[in-house]
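Engineer: One structure coming up, written as structure tokens, with questions to follow.
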Amino acid sequence: MGSTTKGKVKKRYPYEEMKTPYDKLKPLPEADTFLKPGITFDQLDAIALAISDNEAAKQMNEAKHKLFKTIFEQGRKVG
């Protein structure tokens with residue numbers, strides 16, 4: 001850890017150690033106990049590997065845009 005000129009602690013996270021919450025959950029002992037009944041890591045892996053990270057981000061942004069457009073249009077009808 002380093003610090004800035006103002007004395008604030010600045011944490012550094014090496015790129016190699018960055019993980020998604022899913023990637024952090026999987027290696028935990030008895031991690032499958034945290035899943036909903038009937039859900040397995042094999043099923044989740046199939047979903048996670050079905051599309052690229054960029055495609056997932058694109059789909060999320062499209063869904064967000066659609067959601068906010070709906071909210072905006074409903075606000076115009078009310079007001």
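A short reminder: the numbers here are calculations on the coordinates, not readings from a lab. Note that the coordinates shown come from a computational prediction; the quantities given were computed from them, not determined experimentally. Quick reminder, even Gly has a Cβ in these numbers, built from the backbone with ideal geometry, and neighbours come from all protein chains shown.
Engineer: List every residue pair whose Cβ atoms lie under 9 Å apart, where the two residues are 6 or more positions apart in sequence or sit on different chains, the first residue falls within region 39-62 and is closer than 15 Å to Tyr22 by Cα and touching a residue at least 12 places away in the same chain (Cβ under 8 Å), and the second residue, located anywhere, is polar (S, T, N, Q) and surrounded by 10 or more Cβ atoms within 10 Å (Cβ to Cβ).
Structural biologist: Pairs found: Ala48/Thr20.
Engineer: Output the residues belonging to region 42-79 that are closer than 23 Å to Lys24 by Cα and not in a helix (DSSP H, G or I).
Structural biologist: Ile51, Ser52
Engineer: Test each condition in (1) part of a helix (DSSP H, G or I); (2) closer than 17 Å to Asp53 by Cβ; (3) not small (Gly, Ala, Ser) for Lys19 and report the one that comes out false.
Structural biologist: Among (1) part of a helix (DSSP H, G or I); (2) closer than 17 Å to Asp53 by Cβ; (3) not small (Gly, Ala, Ser), Lys19 violates only (1).
Engineer: Suppose we filter region 1-46 for residues that are out of contact with any Gly (no Cβ under 7 Å at 6 or more places or on another chain) and loosely packed, with under 10 Cβ neighbours inside 10 Å; how many remain?
Structural biologist: Of the residues in region 1-46, 26 are out of contact with any Gly (no Cβ under 7 Å at 6 or more places or on another chain) and loosely packed, with under 10 Cβ neighbours inside 10 Å.
Engineer: Suppose we filter region 22-41 for residues that are among the charged types (D, E, K, R) and in a loop (DSSP other than H, G, I, E, B); how many remain?
Structural biologist: Looking only at that region, the number is 3.
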